[in-house]
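The values are calculated or read from the model by the stated rules, or taken from the named source; none is laboratory data. What you are looking at is a predicted structure, and each value in this text was computed from that prediction instead of being measured. Positions of Cβ are generated from backbone atoms using ideal geometry, with glycine treated the same way; all protein chains shown enter the neighbour counts. Ligands, DNA and RNA are stripped out before the accessible areas are found, and what is left, the full protein with its side chains, is counted by its heavy atoms. Shrake-Rupley method; radii C 1.70, N 1.55, O 1.52, S 1.80 Å.
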Amino acid sequence: MSDEGPKDVPGRRDFLGTTITGTAATLGVVSAYPVVRFLSPRPDPGQRIATAGEAEKFLPGTSKTVLLGDKPVLVIRLDDGQFRAFSAICTHLQCVVAYSAQHRQIECPCHKGVYSLEGANVSGPPPRPLQSVGVEVVNGIVTLTEA
Amino acid sequence: MLDDTRKWFSDRVGAPVLLEKLRERRVSGLSPTHFVGGVLLMLFLLEVASGILLMLPYRPDPQHAHASVVAIAGRLPYGSLVRGVHAWTSHMFVAMLFVQIATVLLNRVYREPKELVWWTGLLLLVTGVSMAFTGALLPWSQNAYLQARVSSEMIGQGPIFGPWLKRMLRGGDDITPWSLGHAYGFHTGVLPALATLLFGFHMAVVRRSSGGPVEGATVPVYPEFIVRLAAVCTAVLLLIVSLATFVPVAVGTPVNMAQSMAPAGGGTAPSDVLPPWYFLFLHDLLRAAPPRLLGVESAKFVLGALSVLALFAVALPFIDRKGSKITAYIGAVLIVVFLVLTGHAIL
């Protein structure tokens with residue numbers, strides 16, 4: 001079994017080998033792309049608005065966490081009756097933060113990050129303040145809108 | 001009668017030939033470290049077997065996942081045992097991987113011609129830890145949910161492929177109900193298949209790279225080595241079954257994405273969310289670090305440092321070529337640091 005062509009010309013086998021390898025490689029890349037994209041979809045824009053119940057029943061000094069699209073939002077009613085809302089996603093490593101009524105601050109359960117009630121990072125590892133979320137009372141309903 | 005049956009089979013299957021081959025093959029000794037690889041294989045097979053059992057009653061969707069795990073642990077006959085074996089074996093598997101890696105590091109057996117043994121070993125470690133992490137999310141408990149958020153975000157902070165890898169693991173930009181399906185698919189399909197391939201390839205290159213008359217390899221694989229390995233495996237199995245029986249594995253409270261850890265209306269400070277023991281050192285480092293280190297966000301800094309360490313591990317066969325033992329000392333220091341930090345975090 002030897003090549004038919006002269007010795008100095010690339011043989012049929014070489015040509016076929018290169019063609020087959022090239023085709024296989026191309027097919028591999030072409031079929032890998034849809035798989036990769038399938039596995040990592042782009043973010044869904046989701047809802048831009050959410051509600052956190054009736055303002056009347058939302059007692060001062062308490063909090064609620066609601067979903068705005070897929071993202072948790074922390075809504076706090078301060079002692080003076082004002083509402084504040086922040087993305088509940090910690091700026092350190094995306095753990096979900098909570099309001100501590102005892103310490104009058106926002107705390108992260110994962111790495112002990114602490115934020116003030118203005119959302120500013122006070123102590124612990126968080127590098128940035130919490131992202132704020134628009135909150136207003138519309139017809140007696142606490143309404144959140146992405147800022 | 002029994003002998004006749006055995007002969008009938010061995011005539012057709014050729015078992016004695018296989019045993020003869022194992023009789024001819026040699027291992028270099030019978031010290032404890034010689035059995036770690038075999039124990040790891042046994043643990044992996046145990047994970048596959050108990051995992052297949054658990055797949056049957058488990059319901060991989062956010063509506064039913066938690067309830068189905070509660071049912072497995074509480075209502076199904078021996079469900080708690082099967083789940084306990086699966087969970088404890090995973091801890092044992094990661095621990096044994098660490099032991100194996102540490103042994104290889106200290107004995108410097110990653111050098112030529114064992115580079116591929118070392119690299120496939122490192123990949124097995126990554127695969128093993130990934131299996132533990134994807135598995136932890138399956139009960140869809142609040143603690144596992146927060147852990148999954150943090151650990152995938154940590155991967156996202158890694159260089160170059162980080163953000164893409166994070167999105168692929170999460171099945172999107174955030175941990176959503178879709179992420180449970182991703183974790184389940186990776187845990188029961190992708191990762192076990194990968195581990196099987198890696199195990200096969202690893203063992204093949206181990207054989208190849210230690211093929212031929214190795215100096216000092218005098219102990220026959222069969223019966224000396226295999227019989228002792230069977231005894232060691234039985235002891236490990238006994239330990240796992242005892243742990244699964246007497247130390248139940250908590251299921252945790254179900255995920256409520258519209259609620260953080262604090263009870264509704266506040267009142268108490270949020271409780272700690274802790275990773276599995278082998279990541280406690282990282283947890284402590286991340287918690288103790290200031291917001292910024294050398295001008296970089298500390299989480300990015302820690303992950304960057306870990307990436308450099310990983311790169312160092314991969315490049316080790318090229319770095320450590322000559323007779324110098326410096327890398328073994330660095331390895332020893334790293335092992336001590338890991339043990340001290342982990343011990344400190346547990347206590």
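The residues on offer are A:VAL66, A:VAL137, A:VAL73, and the sole one that is exposed (fewer than 15 other Cβ atoms within 10 Å of the Cβ), of a type outside the set (Gly, Ala, Ser) and part of a strand (DSSP E or B) is A:VAL137. With a requirement of 2 or more residues that are in contact (Cβ under 8 Å) with a residue 12 or more places away in the chain and closer than 24 Å to B:LEU197 by Cα, the helices (runs of 4 or more DSSP H) lying completely within the stretch B:5-87 that satisfy it span B:36-55. Residues that are at the interface with chain B (Cβ under 7 Å from one of its Cβ atoms) and in contact with a Cys (Cβ under 9 Å, 6 or more places away or on another chain) within the stretch A:126-147 comprise just one, A:PRO126. Within the bounds of the stretch A:43-63, is there any residue that is buried (at least 20 other Cβ atoms within 10 Å of the Cβ), free of Cβ contacts under 8 Å to residues at least 40 places away in the same chain, facing another protein chain (nearest Cβ under 9 Å) and not β-branched (Val, Ile, Thr)? Yes; the residues of the stretch A:43-63 include at least one that is buried (at least 20 other Cβ atoms within 10 Å of the Cβ), free of Cβ contacts under 8 Å to residues at least 40 places away in the same chain, facing another protein chain (nearest Cβ under 9 Å) and not β-branched (Val, Ile, Thr). Restricting to the stretch B:60-79, what's the tally of residues that are open to solvent by 50 Å² or more (accessible area, probe 1.4 Å) and over 17 Å from B:GLN142 (Cα atoms)? Here the count works out to 5. All told, B:ALA195 falls short of being without any contact (Cβ under 8 Å) to a residue 40 or more places away in the chain and open to solvent by less than 60 Å² (accessible area, probe 1.4 Å).
Scanning the stretch B:151-192 for residues that are free of Cβ contacts under 8 Å to residues at least 12 places away in the same chain and of a type in the set (Lys, Arg) returns a single hit, B:ARG167. Assess whether B:SER152 counts as being at pLDDT below 95 and crowded, with 22+ Cβ neighbours inside 10 Å. In short, yes. Count of the stretch B:1-52 residues, restricted to those that are open to solvent by 100 Å² or more (accessible area, probe 1.4 Å), of a type in the set (A, V, I, L, M) and closer than 30 Å to B:HIS91 by Cβ, is 1. Taking (1) touching a Lys or Arg at 6+ places or on another chain (Cβ under 6 Å); (2) closer than 24 Å to B:HIS64 by Cα; (3) not polar (S, T, N, Q) in turn, B:ILE155 satisfies each apart from (2). Counting only residues that are hydrophobic (A, V, I, L, M, F, W, C) and at pLDDT below 90, the stretch A:61-88 holds 3 of them.
B:TYR145 falls short on exactly one of the conditions (1) in contact (Cβ under 8 Å) with a residue 40 or more places away in the chain; (2) within 28 Å of B:HIS202 (Cβ to Cβ); (3) part of a helix (DSSP H, G or I), and that condition is (2). Of all the numbered requirements in (1) touching a helix residue (DSSP H, G or I) at 6+ places or on another chain (Cβ under 9 Å); (2) at pLDDT below 90, A:VAL35 misses one, and that requirement is (1). Given the condition open to solvent by less than 70 Å² (accessible area, probe 1.4 Å), small (Gly, Ala, Ser), modelled with pLDDT under 95 and part of a loop (DSSP other than H, G, I, E, B), answer yes or no: does some residue in the stretch B:202-209 qualify? The answer is no; no qualifying residue exists.
Of all residues in the stretch A:76-125, those being outside any loop (DSSP other than H, G, I, E, B), open to solvent by less than 30 Å² (accessible area, probe 1.4 Å), of a type outside the set (Val, Ile, Thr) and at the interface with another protein chain (Cβ under 10 Å from one of its Cβ atoms) number 4.
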